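Structure, as structure tokens:
Each reported figure results from applying straightforward, stated rules to the coordinates on display, with no laboratory input. Fair warning: this is a prediction, and the values are worked out from it, not measured in the lab. Heads up, the Cβs are rebuilt from the backbone with ideal geometry, glycines too, and the neighbour counts pull from every protein chain shown.
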Amino acid sequence: MPEKRESESRKLLGRLRDTMASDSAGQARLDEITHLIAQSMQTEVCSIYLFRDADTLELCATEGLNDDAVHQTRLRRGEGLVGRVAKTTQIVNTPDAPQTKGFRYMPETGEEVFSSFLGVPIQRLGEAMGVLVVQSKDARKFTADEVYALEVVAMVLAEMTELGAFVSDEAGLSALHQQPKMFRGTSAQEGAAEGNVYLHEPRVVVSNPVADDPEIELQRLEEAVETLRVSVDEMLSGARTADKEQMQVLEAYRMFANSKGWLRRMEEDISRGLSAEAAVEKEQSVARARIGQANDAYLRERLHDLDDLSNRLLRILTGQGQDTGAEVPERAVLVARNIGPGELLEYGRNLKAIVLEDGSVGSHAGIVARALAIPLVIQAKGITTDALNGDPILVDGEQGIVHLRPEDTVMTAFKDKIAMLAKAQDRYTDIRDKPATARCGTTVALQMNAGLMADLPSLESSGAEGVGLFRTELQFLIRNQVPKRSELAALYARVLDAALGKRVVFRTLDIGSDKVLPYMKPQDEPNPALGWRAIRVGLDKPGVLTMQLQALLRAANGRPLTVMFPFVAQYEEYKGAKAALDKAVKREEKLGHLLPATLEVGAMLETPSLAFAPEAFFEEVEFLSIGGNDLKQFFFAADRENERVRKRYDTLNVSFLSFIEMIVLRCNATKTSLSFCGEDAGRPIEAACLAAMGLRTLSMRPASIGPVKSMLMRVNLDDLRAVIEAARDAGKQSVREDVTAYIRSLGS
Ligand code: PEP
Ligand code: MG
């Protein structure tokens, strides 16, 4: 019996394919398809409902219901049995539809005489595109075999819909991927951009869901699964056994790749007439639908793993999307689930904007996006499923909103916004050469953060007084091997050349945590942000640190040099790092190399412990820079990369501001110069409050200098300080509300 069904299934799919290949218009194809399915399933009714917009299903073709109802009958997602199938992406199989909970009577269809009902979702990758329904008069429940057969047909319909097979002016249908869609995410870098979608991991297009010869397809699947297994094993043997999370993912990959159930289901799909890729996608759709329903976080993660694995398998089968990131088209807006800082740097400045489904403001990918001044929206849920390569897209980095395939009116409004932002930028150009002097007469030095050679021209255009933080690790992250000393020396020399005598604070290598170098042996660390990173690595394994210090000394070649050590948590670490520098200086002297005219040495204050270091430390260190990104994460014990907890704690929280004030007082007592170089320095309101707490140097990304300067020029720091103190005395948790009210009272 199953064999008979299988051959029946194959026959039907073959006919569907012929229909698709025919010249008939979209509507004629749909009519023919419902006819073929009803005939093959031996039911009186077969109907196809497709989404007309995000929430409305429309009866688009039917065999057996009233013809007049076609394009008239509409249901909302969740309405009636059909709407329920679309909403839940679960089948409904009932012998007595009118008595089934949720049934909605549609008089125009004449369906009341049909008792049994089987509805399956037409879905692609977990996203419902419509519903396929068969009905008959006799009250019976459809067999598992019949359900399965209809699901396979629905899969083919989904592919056909995706390929636009039913698009016809007459019918007024549009494929789901042609509809405009808006995503509300979170802004991680301001700016607005218009461009075209470029998927970091492109979606594989299955152009032929129906196969001629199941034997050939089974063989193709078998070979592809074998290739997949080998690659997973290779990944596992080359993996960082230390990284528990990565190992967990890879083990899950291996489990799925060897899962008999997964393979068996795909083989069954093939024997019903699907091509190997369509079979993989069908199972992927099932997994995707489950992701949405899984309450358990662990299970959801594993389903994501299965999804990734299916993508890999699809790429092997189709040969598509292997060379991710190779060629970035013009006006590319990168769309991805998530991305690491190294990968993002590879794309460089070729991107107009970045949209991530996950991502976090405090991540290093976020910092790279800001360093590159590329608008970034994170937490745009569902965008990787919806977007197709080349789709027009508008990214509003101010509001964290993304418009995919926008309508003309949205496009026009957006262009106005881009023009307005450009105008605001012009305003900043007017104040570029003015000092950031507040109404009270206090001037704050504004410097910029950098990490790439390409950042240096901004020194001139932004009006920054110098580079307050040069993140040297970005150079290490974009390479496949440790850069040579001579290469680094040449690069640092070019940075100093481009700075034209302005001060550049070179921060020594800050790796570890999420900044993992591809060529370094990974560590087994349960908590890398609190792990072996930055100066801890430099002190324990001084090879790279020494090489870098030598490169810096040579790059200076008689010019002034400023070196800063990251992540110093206690005085001894600073002493150790300073000793390494002294040793490098002595060596250079011995070699007869020119020494820097002046050598300024400082540390980053990124852990609360350093704020309580002995007085001698503050006396010895020449300058300190508060790394607010890390300091805040450790102060509140809230991971900077975890949006959920990061968002809970405001920088303008009185505890944090009081802590900053304490650091200012300690530095003032020892006349140690102090700056702030975390991301908050680039946010106008936060920057003004930091200045009110006593900071006189702020270092930020170049694009923030204009807005921060403009804000500082508006406020009176004494008044602002009084507002902060009043809020603090009143026992407020955050001073934001009061500070915002004060700023508003100033007018524009
Ligand atoms: C910081 O922690 O604030 C900082 C500037 O360093 P990074 O963001 O590179 O860790
Ligand atoms: Mg840091």
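The residue list 228, 123, 474 was ranked by how far each Cα lies along the charge dipole of the chain toward its positive end, using unit charges on Cβ atoms, and 474 comes out on top. Both numbers refer to the Cα atoms of segment 380-493; Rg and Dmax are 20.3, 55 Å. For segment 2-176, pairs of C-alpha atoms spaced more than 22 angstrom apart make up 36 percent of the total. Estimated at 0.36 nm per residue, the fully extended path between residue 147 and residue 616 surpasses their Cα-Cα distance by 161.1 nm.
Within the P(r) computed for the chain, what percentage of the Cα pairs occupies the region above 37 Å?
Taking all Cα-Cα pairs of the chain, the fraction more than 37 Å apart is 50 percent.
Taking the charge dipole of segment 19-58 about its Cα centre, with +1 at Lys and Arg Cβ atoms and -1 at Asp and Glu Cβ atoms, the residue from 49, 26, 39 reaching farthest to the positive side is 39. Against the main long axis of the alpha-carbon atoms of the chain, helix 542-556 sits at an angle near 60°.
Normalized C-alpha radius of gyration of segment 548-671, against 2.2 N^0.38 Å?
Details: Rg = 17.2 Å, N = 124, 2.2 N^0.38 = 13.7 Å.
Ratio of Cα Rg to 2.2 N^0.38 Å: 1.25.
Charged side chains reduced to their Cβ positions (Lys and Arg at +1, Asp and Glu at -1) give the chain a dipole of some 2920 debye around its Cα centre. Here the simple spin-label model places points 7 Å from the Cα toward Cβ, and for residue 331 and residue 718 these points are separated by 5.4 nm. Ordering 161, 88 from the fewest to the most neighbouring beta carbons within 10 Å gives 88, 161.
The trypsin sites (Lys or Arg not before Pro) of segment 67-141 that meet both conditions, a loop assignment by DSSP and at most 15 other Cβ atoms within 10 Å of the site Cβ, are 101, 104, 137, 140, 141. Here segment 431-564 is assigned +1 on the Cβ of each Lys and Arg and -1 on the Cβ of each Asp and Glu. Its dipole about the Cα centre then comes out at about 260 debye.
DSSP assigns beta bridges within segment 472-605; of those with both partners inside it, close to 10 percent run antiparallel.
Measuring from label point to label point, each 7 Å out along Cα→Cβ, what is the residue 741 to residue 23 span in nm? The answer from the label model is 7.5 nm.
When a/c reaches 1.5 or more, the comparison of a/b and b/c decides; with that in mind, is segment 624-748 rounded, prolate or oblate per its Cα gyration tensor? Taking the square roots of the gyration eigenvalues as a ≥ b ≥ c, segment 624-748 is rounded. If R0 equals 41 Å, the separation of the Cβ atoms of residue 349 and residue 105 corresponds to a calculated FRET efficiency of about 0.10. Between residue 559 and residue 223, the distance separating the two model label sites (each 7 Å from Cα on the Cα→Cβ line) works out to 5.8 nm.
Which links in 415/709; 352/541; 484/521; 417/647; 575/732 stretch past 30 Å when you go from one Cα to the other? Can you show the working numbers first?
Numbers: 415/709 26 Å; 352/541 39 Å; 484/521 18 Å; 417/647 27 Å; 575/732 40 Å.
Correct reply: 352/541; 575/732.
How far is helix 244-257 tilted off the main Cα axis of the chain, in degrees rounded to 10, range 0 to 90? Once rounded, the angle reads 20 degrees. Stretching the chain fully between residue 503 and residue 90 yields a gain of 142.4 nm (0.36 nm per residue, less the alpha carbon separation). Sequence-ordered 3J(HN,Hα) estimates for segment 114-125 from the Karplus curve with 6.51, -1.76 and 1.60 and θ = phi - 60° stand at 9, 8, 7, 9, 10, x, 10, x, 8, 9, 10, 6 Hz, glycine and proline given as x.
What length, rounded to one decimal in nm, is gained on full extension from residue 254 through to residue 696, with 0.36 nm per residue of separation minus their alpha-carbon distance? Don't skip to the end; give the middle numbers.
Values: separation 442, 0.36 × 442 = 159.12 nm, distance 5.48 nm.
Residue separation times 0.36 nm, minus the Cα-Cα distance, leaves 153.6 nm.
Its Cα gyration tensor gives segment 472-605 an equivalent ellipsoid. The semi-axes, each the square root of 5 times an eigenvalue, are 25, 17, 14 Å from largest down.
What does the helix-only formula give at 222 nm for the chain: each DSSP H stretch with n ≥ 4 adding -39500 (n - 2.57), the total divided by the residues, and the result rounded to the nearest 500 deg cm²/dmol? Working shown, then result.
Values: 28 runs with 347 residues, N = 748.
Only helices count here, giving -14500 deg cm²/dmol.
At most 13 other Cβ atoms within 10 Å and a DSSP loop assignment: could you name the chymotrypsin sites (Phe, Trp or Tyr not before Pro) in segment 55-140 that fit? Don't skip to the answer; put the middle values down first.
Numbers: sites: 103, 105, 114, 117; in loops: 103, 105, 114.
Passing both the DSSP loop test and the Cβ count: 105.
Within the straight-line cut-off of under 24 Å between alpha carbons, the lysines reachable from residue 87 are 101, 141, 181, 282, 381, sequence neighbours fewer than 8 places apart in one chain being disregarded.
Is the shape of segment 459-507 rounded, prolate or oblate, going by the alpha carbon gyration tensor and its root eigenvalues a ≥ b ≥ c, with a/c under 1.5 for rounded and a/b larger than b/c for prolate?
Numbers: a/c = 2.66, a/b = 1.91, b/c = 1.39.
Prolate shape, in that a/c is at least 1.5 and a/b is the bigger ratio.
Given R0 = 22 Å, the distance between the Cβ atoms of residue 358 and residue 658 translates into a calculated FRET efficiency of 0.10. Computed from Cα atoms, the angle from the helix 571-590 axis to the main principal axis of the chain rounds to 70 degrees. Taking amide H atoms as placed 1.01 Å from N in the peptide plane, the amide H of residue 675 lies under 5 Å from those of 624, 625, 626, each 5 or more residues away in sequence or on another chain.
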